[in-house]
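Taking it in order: structure first as structure tokens, then the write-up.
The values are calculated or read from the model by the stated rules, or taken from the named source; none is laboratory data. Fair warning: this is a prediction, and the values are worked out from it, not measured in the lab. Cβ placement follows ideal geometry from the backbone for every residue including glycine, while neighbour counts extend to all protein chains displayed.
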Amino acid sequence: MARTQKNKATAHHLGLLKAKLAKLRREILAPTSKGGGGAGEGFDVTKSGDSRVGLVGFPSVGKSTLLNKLTGTFSEVASYEFTTLTCIPGVIKYRGAKIQLLDLPGIIEGAKDGKGRGRQVISTARTCNCIIIVLDAIKPITHKRLIEKELEGFGIRQACFAFLILFLFSLPKNVSVQPPNLTFRRKDKGGINFTSTVSNTLLDLETVKAICGEYRIHNADVSLRYDATADDLIDVIEGNRMYIPCVYAVNKIDQVTLEELEILDKLPHYCPVSAHLEWNLDGLLEKVWEYLDLVRVYTKPKAMSPDYEDPVILSAKKRTVEDFCLRIHKDMLKQFKYALVWGSSAKHKPQRVGKEHELDDEDVVQIIKKI
């Protein structure tokens, strides 16, 4: 593949090879045989709180110090590598939410192939709602490239790859990675139907048929709404890719020049910090909160003031009144009559709404039960 020129004439050949590689990787990571020694389970850490964030990075970049400063939990810190050998959890209380922070052992090159307990580390990272990739400010780009390669090899697509300054780091820009905007639907007969709403697409019918044939799919509808690649189609067919928001925490900024720091501070998805000196930890928490995309909803008992101390935390994708009731207690829906809502989601205050009403951040809700 490295020796093959990338153009429309070779797209069919490269797409077929990529599909074969994706299948082989999946078989290695999750073999069908019971005794195949596959990916292994993650560290035995019970998920708690309203959201989970994982610290991923190479050894000795400051992950344990970051956990200690943010949560008050003790994780051993030393000047030698691989100080942390298991997953150390901690809890951050931020804006009324309880966020579980995991200090994962440092990964090394080849982690996706099982080196240095890498599969356990990345398996646990797959359970997180957001990943903080901790980079050393002295050599951030070398670490960034290697870590992204390991995570992608394990089926994780970071939804917030950063854009880098060309003249500073001499590295080409990465594009933001989002779930592919294409439709793939299997059917019983009719062959492969391929439609595209864009011109000059990187995929053609021959390449689509070759990739589908590798997965023994002979009848399907494939519809593109953007310039998708063979990798995008493979991701959709595989169905096991995860798109996790990612923040790059560039640690040890006390060891770089002011000019470098000013540039790092302007990059999207990057947050320069110094865990040891506790510089900009509030900025890191604010960025993580933004990427978690959580919604705080306050309860208001009848004839009482709203409880602003203990909000109900919902995800932005599940923020209806029904989700709010289920978060409090599953039996609440059986007695639900209607709800009164104060806040930006209400047209007037209060507004009487049903279970389908979508709530906004910092709304106040009062549930009226059936008599």
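Which members of the range 229-280 meet the condition of being surrounded by 15 or more Cβ atoms within 10 Å (Cβ to Cβ) and among the small types (Gly, Ala, Ser)? Correct list: 230, 249, 274, 275.
Looking at the range 188-205, which of its residues are surrounded by 13 or more Cβ atoms within 10 Å (Cβ to Cβ) and modelled with pLDDT of 75 or more? Matches in the range 188-205: 192, 193, 194, 196, 203, 204, 205. Consider the range 348-366 and keep the residues that are more than 13 Å from residue 320 (Cβ to Cβ) and under 33 Å from the mean Cα position of the chain (by Cα). The one that is surrounded by the most Cβ atoms within 10 Å (Cβ to Cβ) is 364. Being at pLDDT 85 or above and over 18 Å from residue 273 (Cα atoms) holds for only one residue in 92, 131, 107, 99, and it is 99. Checking each residue in the range 340-371 for being assigned to a strand (DSSP E or B) and either within 16 Å of residue 318 (Cβ to Cβ) or among the β-branched types (Val, Ile, Thr) (or both) picks out 341, 353, 358, 363, 364, 365, 367, 368. Looking only at the range 316-335, decide whether some residue is under 28 Å from the mean Cα position of the chain (by Cα), crowded, with 16+ Cβ neighbours inside 10 Å and part of a strand (DSSP E or B). Yes, the range 316-335 has at least one match.
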